[in-house]
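Have a look at the structure below, then the notes.
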Amino acid sequence: MNRRDLIKAFAAMAPLTVAGRVWAAPTTDARLLVVFLRGAYDAANVVVPISSDFYRTSRPTLGIAKPDVGNPNSALSLTADWGLHPALRDSIYPLWGKREIAFIPFAGTSDDLTRSHFETQDTIELGQAVAGSRDYRSGFMSRLATELTRVKPISFTEQLPLIFRGKSQIPNIGINSVGKPGVDDRQAGLIKKMYAQSELASSVSEGFRVRDDVYKSISEEMNAANRGAVSPRGFELSARRIGRLMREQFNLGFVDVGGWDTHVNQGAATGYLADRLGELGRALAGFSEEIGPAGWRDTVVVVISEFGRTFRENGDRGTDHGHGSVYWVMGGGINGGRILGEQVKVEQANLFQNRDYPVLTDYRSMFAGLLQRMFGLEAASIQRIFAGVHPAELGLV
Amino acid sequence: MSEEGHPKKSRRHRSATLLACAALVLIAEIGSPAASHAGELNPHDMVLLDRLTWGINASSAAHLQAVGTERWLQEQLHPVAGTALPDGVRSQIEAMPDVHKFPFDIAVSFDQQAKSANQVADPDQRRAAQQVFQQAMNDRGKQAAARSILRALYAPDQLRERMTWFWFNHFNVHQYKANIRVLVGDYEDRAIRPHALGKFRDLLVATLHHPAMLRYLDNSDNAVGHLNENYAREIMELHTMGVGSGYAQSDVEALARILTGLGIDLRPEDPQLKPELRPQLVREGAFEFNPARHDYGDKTFLGHTIKGRGLAEVDEAIDILVHHPATASHLSKQIATYFVSDNPPDSLVQKMAQTFKTTDGDIAAVLSTMVHAPEFIGSLKPGTKFKDPVQYVLSAVRLAYDDKVILNTVPIQSWLNRLSEGLFNHDTPDGYSMISASWSGPGQMMLRFEIARQIGSGSSGLFKPDVPNAVDQPAFPLIANSLYFNGLRQTLGPPTLAALDQAVSPQDWNTLFLSSPEFMR
């Protein structure tokens, strides 16, 4: 099909990348990792609207101070209007300087207003219009995988998520709980035969294949760790393993991380949300380190969440379910260091229903534009992934 | 994964039965006497048992055969009061300290322990004290899970146990939030199980008054002027009407205002109140309605005007929710999804919803409508419903050991956690998925085979009590038993039979059987 490859090379080789043409196998691969922050992270306190007085009055206890070199708890300056949460100082902020990260504020679902975590997560993972009947056996990353050649997809989750459900079986693996398999090769062979005629045949054969590949990779890392390396934990451990696996074996990945539903005592520059962000930042920095400089140049990481949170803090020093969020796009080859997409001034008059960020960049438009450029997909391919969607031109890759 | 393998036991079995087929003949001959003279089980009854219980085994199959299908259904739908647990189970539950205490006292003592741990001056000692406290809370959660598993495996009122899991999942709380580990056992035992086959309204009210729920969905922080709409939203979205069923954001806010003041209070003394508010104060154990925190304004909720007057507003709102047609449909669809298929027939859901309405939300009546409906009976074919991990693991243990009571549930707790369906461990209020595609991905299947191997290869710690210096009691999973030869074998397809023929030991045979596509359903 129309697998298009490099990201950086794309600009340089523009004349060769005529839509619809297939080129010889590239030496390097475009890789995509989607990171889903489940629970609706409080975007307004992570990419902070520092020039907004309304922000300060809306968040008397939660607000992050304007950038101030003398104050370690103040926001880190991104642009005149936006600052970054200080918990990301050592992990994510350096990427901004290297133009390897961009933020898209006012992003989310333009047609899902339920403010339900589960409903809106489903909506995004399916990537289908909310109106009409939706096909729950068809997630958008699964549809993307069908459009690509030489694709090696994997979900780094204990369960196969909706986003990867579809016609072909996508493997999944809980990356933090990999151990030495007890079922031996003879048993594996017999088990595969039992399933050969069942509808789970591909699930089982994919499972055994990935199990062995991943175990090999992880056991090398565990040997290294035994030689005294500091072992990361939690999501940082996951992300590092994912980086290693995406360097060597997979090029289309999904992972999710929960714990963002901060209704109560979420903290400001320090506290609960800051701790979660610190872990997320270390994880993503660890991912880029493990995938290596060459891999990182060809990789795009997109960080999304189902919706934003109420712009005003609630009575419990937390925030409730909102609407617009801020998406992150990262990678060694992206045109970053910018705040992208349609924007409005952050003030009360521009809030959605006088409570939340509006959605000005629909998640499907954003992904459609990104995927089109990353993989050189034709318009028809994009329409098969996101029916009826006009790709957003954000100039990211 | 541990490589225990129980070499002693393996050798003993291998020496007795070098060839797999010889092993089967031997095991068949020593099959349990209860069913040894029973005839072949009909496939319909076998599937019915699997569908409504935590898994078929020889003794439950024999009982169903003895009493007949309809009487068995009535026993399950209307279990007699005080249906007895086997002695070996009761004694284990009685030995747990929490079952003899009021949850309020437990919560208070933990609260005090937390406070005194936080007050330790020396940072290292403080950290140690906090760790002791956390460990004690973990133990409470583990005990609650142990009770739940023992009841699921051995309670005669199996359908009530299935519904207890179902309703817990429906009204999910996550044990690792705050001190919920201390409360979760009481939540299951006193808020959920007693109402699991009763009136839905009673169940909803019991969860709404329980500190586990008030803490989990933050209503204990919901007060006039400091609205927290988390619980209000989930009551409508998950617990009653269902998402997209016609309520608006304004209804969520109205319900949140109605719920202001419902919270938790562990202090012995009453809160400070103005004299005119004092008669409105309600305290029941840890539950408290604090009128000073309540919004006494009038509300418009789902088109009804609710006069602001205190706790009675909650009753009125519950009545509106329970009688809303969307609630009958939503709950019926959830139940049918759990017991029938990923996409239960609309006609079945409608019949159940109709019963829900005419019986004022009688859960046993709704279930009775379901099990007697042609759509349900037509679905009783082998291989139609994929087991979720809890059902998979519990059905394997029930089949392997029947009424020989296990002495340690910790291996089961960890298998369920590995399969991502641990008890009390779902962190979001939607509960675990009931859709088969959530549980049949490649990673999940690999874990199942690993766990099949652990269950099939020996007692796997199930018969070694969870105490220091415990001695492992001898036990071996006996799956190729009379039930297998008189029934289950007939449901296996040729590929599975061919694989079983190549088993090299009883352990291997068990592993393959528990890994087979037929046992996944």
Discussion item. Tell me the angle of helix B:103-119 to the major Cα principal axis of chain B, expressed in degrees between 0 and 90 and rounded to the nearest ten.
Written reply: 80
Worksheet entry | Ratio Rg/Rh [Cα only; Rh per Kirkwood] for the stretch A:253-392 | 1.00
Worksheet item: Hey, how many Å between the Cα centroid of the stretch B:75-151 and the Cα centroid of the stretch A:359-373?
Response: 50
Item to complete: Could you please state, rounded to a whole Å, how far the C-alpha centre of the stretch B:449-521 is from the C-alpha centre of the stretch B:388-426?
Response: 14
Worksheet item: Expressed in nm², what is the orientationally averaged projection area of the convex hull enclosing the Cα positions of the stretch B:111-174?
Response: 5.4
Worksheet, complete the sentence: Pairs over 18 Å Cα to Cα, from B:LYS333/B:LYS357; A:LYS152/A:LYS193; A:LYS192/A:LYS216, come to A:LYS152/A:LYS193; A:LYS192/A:LYS216
Worksheet, complete the sentence: Output for the stretch B:235-316 (equivalent-ellipsoid semi-axes, sqrt of 5λ from the C-alpha gyration tensor, Å, descending) is 27, 15, 8
Item to complete: Give the order of A:MET194, B:MET96 when sorted by the count of other beta carbons within 10 angstrom, beginning with the fewest.
Response: B:MET96, A:MET194
Worksheet item: Magnitude of the Cβ-charge dipole of chain B, K/R +1 and D/E -1, about the Cα centre, nearest 20 debye?
Response: 960
Fill in: Simple label model, 7 Å out from Cα along Cβ direction - A:ASP53 to B:SER245, nm
4.7
Fill in: Ratio of Rg to Rh over the stretch B:364-495 (Cα coordinates, Kirkwood Rh, two decimals)
1.00
Worksheet item: Where the eigenvalues come from the Cα gyration tensor of the stretch B:277-434, what are the semi-axes √(5λ) of the equivalent ellipsoid, largest first, in whole Å?
Response: 38, 26, 13
Worksheet item: Out of A:GLY182, A:GLY318, A:GLY332, any idea which swings most in a Gaussian network model of chain A, alpha carbons joined below 10 Å?
Response: A:GLY182
Worksheet item: So which lysines can A:LYS66 reach, going by Cα to Cα under 17 Å and dropping same-chain residues fewer than 8 places off?
Response: A:LYS345
Item to complete: Give me the number: length gained by fully extending A:ASN73 to A:VAL344, i.e. 0.36 nm times residue separation minus the C-alpha to C-alpha distance, one decimal in nm.
Response: 94.9 nm
Response to the item:
Per the rule of 0.36 nm per residue minus the C-alpha distance, extending A:TYR136 to A:ARG150 adds in nm 2.5 nm
Item to complete: Please list, or write none, the lysines whose alpha carbon is within less than 23 Å of the alpha carbon of B:LYS177, excluding same-chain residues fewer than 8 places away.
Response: B:LYS101, B:LYS115, B:LYS142
Discussion item. If you scale each eigenvalue of the Cα gyration tensor by 5 and take the root, what three semi-axes come out for chain A, rounded to whole angstrom and sorted largest first?
Written reply: 34, 24, 22
Worksheet entry | Global size of chain B as Cα Rg and Dmax, reported in angstrom | 25.0, 83
Item to complete: Calculate, axis by axis, the spread of Cα positions in the stretch B:308-398 along the three principal axes, and write the results as whole Å, longest axis first.
Response: 54, 29, 20
Discussion item. Running a GNM on chain A with Cα contacts under 10 Å, which residue among A:PRO72, A:PRO358, A:PRO86 ends up with the highest mean-square fluctuation?
Written reply: A:PRO72
Worksheet item: If the viscosity is 1.306 mPa s and the temperature 10 °C, what Stokes-Einstein diffusion coefficient in µm²/s follows for the protein assembly as shown when Rh is the Kirkwood radius over Cα pairs?
Response: 54
Discussion item. Cross-link candidates for B:LYS307: which lysines have Cα within less than 20 Å, leaving aside residues fewer than 8 places away along the same chain?
Written reply: B:LYS299
Worksheet item: Taking neighbour counts of Cβ atoms within 10 Å as a proxy for exposure, in what order, fewest first, do B:SER436, B:SER505 appear?
Response: B:SER436, B:SER505
Discussion item. Distances longer than 14 Å among the Cα atoms of the stretch A:316-397: what percent of all pairs is that?
Written reply: 68
Discussion item. What distance in nm lies between label points placed 7 Å from Cα along the C-beta direction at B:VAL224 and B:SER347?
Written reply: 5.4
Worksheet item: Which trypsin sites (Lys or Arg not before Pro) does the stretch A:26-91 hold that lie in a coil by DSSP with at most 16 other beta carbons within 10 Å?
Response: A:ARG89
Fill in: Distance between modelled label sites at B:LYS101 and A:GLU220, nm, 7 Å Cα→Cβ extension
5.2
Worksheet entry | Most fluctuating residue given options A:ASP68, A:ASP53, A:ASP184, as computed from a GNM of chain A linking Cα atoms under 10 Å | A:ASP184
Worksheet entry | All-pairs Cα distance distribution in the stretch B:129-222, expressed in whole percent, bin size 10 Å | 17, 47, 30, 7, 0
Discussion item. Neighbour counts of other C-beta atoms within 10 Å: give me A:VAL183, B:VAL504 arranged from fewest to most.
Written reply: B:VAL504, A:VAL183
Worksheet item: How much length, in nm to one decimal, is gained on full extension between B:SER91 and B:VAL67, taken as 0.36 nm per residue of separation minus their Cα-Cα distance?
Response: 5.8 nm
Worksheet, complete the sentence: Relative to chain B, whose Cα atoms define the longest principal axis, helix B:58-67 and its Cα axis are tilted in degrees, nearest 10, by 80
Worksheet item: Counting only DSSP beta bridges with both residues in the protein assembly as shown, what percent are antiparallel, rounded to the nearest 5?
Response: 55
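Bear in mind these aren't lab numbers, they're just calculated from the coordinates by the rules spelled out. Quick caveat, the model's predicted, so the values are computed rather than measured. Because the Cβ atoms are built from the backbone with ideal geometry, glycine has one as well, and the counts that use them run over all protein chains shown.
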